[in-house]
1. Tell me, in nm to one decimal, what length is gained between residue 236 and residue 322 on full extension, where the rule is 0.36 nm per residue of separation less the Cα-Cα distance?
2. Where does the range 200-271 land on the Kirkwood hydrodynamic radius, alpha-carbon pairs, in angstrom?
3. Give me 90, 4, 309, 98 ranked fewest to most by other Cβ atoms within 10 Å of their Cβ, as a rough exposure proxy.
4. Take the Cα pairs of the range 286-351, get the Kirkwood Rh, then feed it into Stokes-Einstein at 4 °C and 1.567 mPa s and tell me D in µm²/s.
5. Which of these, 292, 167, 133, has the largest mean-square fluctuation under a Gaussian network model of the chain (Cα springs below 10 Å)?
6. Applying a 10 Å radius around every beta-carbon, put 61-68, 279-286 in order of their mean neighbour count, most first.
7. How would you rank 311-320, 194-203, 120-129, highest first, on the average number of other Cβ atoms within 10 Å across their residues?
8. Which value in deg cm²/dmol, rounded to the nearest 500, describes the helix-derived mean residue ellipticity at 222 nm for the chain, given -39,500 (n - 2.57) per DSSP H run of n ≥ 4 and division by the residue count?
């Protein structure tokens, strides 16, 4: 499996930006110069309220380079990230332990990511093996907590990918299992005198806590679907990892994202990455989105029932609503609000299913 032309461009943009970081020794200066050279104009607010050039770099996590890549859904973000690890190791992470924290927002995506990165016959793992000379290990949280094939030698001799979901690294996680990341761990005792940097130990945590071992490795952090990691808790989670570089992957970056590469939908269409028809409507109110989607679903359901009469096969059309996070102080459209509106519109409650990090 090889990179598509638009994916090659993303990797080229990444490597170019990392070269700027090496030259300027400051992500903010590198970001400004990178975009000034690309656009031919520096950032400058105008008297009429408009701006020229790219907005300044936002320092989300001190002492870390924090950048984003905007790739539409179905654009192969995971494969881009796999190749990006090699570019980061070559242009940025020279000589450092090859530790990568790969963050995903949901448990089902975690399982899928672990499976694909671990399977020696999957294109993602085949590419990793090719790029890192077959010296790759993928870990889930439980393996790390148990010290299973995870020791001071392994973290310096191979590429180590630690796959977590967001909630398992948040300090105030309600799950007892998730809090183990911040607790004393005898299985990691061997790291105390070799890898552990005692100056980096978090307050009120034991030196052998997994979070302190990861902090000492100064890891690269890949954030998949990064638009789901915008809360204050998520920012604290990223800071606690003590990353050297954070790479956000998303189709819908936030306003404050430090985007270094864009991919538009036409690039995907050209490479036949999007094969199904895509119909897009623009609405002025959130409520209109829900009622319009329900109307379309009912139309499709009528077509489906007619087809069932002719073929004997029934395909049930469904709607997927992507809710917003429940962030205090913001009037977000959470899954609770969407469910309430659907019930008011006489959608039977048993037909409404919810999937979050805590609800399945």
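We did not get these values from a lab; they are worked out from the coordinates using the rules stated. Only a predicted model underlies this, so the values are computations on that prediction, with no experimental measurement involved. When we count neighbours, we look across all protein chains shown, and the Cβ atoms used for this are built from the backbone with ideal geometry, even at glycine.
1. Here the segment from residue 236 to residue 322 would lengthen by 28.6 nm.
2. 14.2 Å
3. Listed from fewest to most nearby Cβ atoms, that is 309, 90, 4, 98.
4. For these conditions, the coefficient is 95 µm²/s.
5. Residue with maximal mean-square fluctuation among 292, 167, 133: 292.
6. Ranking, from highest mean packing down: 61-68, 279-286.
7. With the highest mean Cβ count within 10 Å placed first, the list reads 120-129, 194-203, 311-320.
8. So the calculated ellipticity at 222 nm is -12000 deg cm²/dmol.
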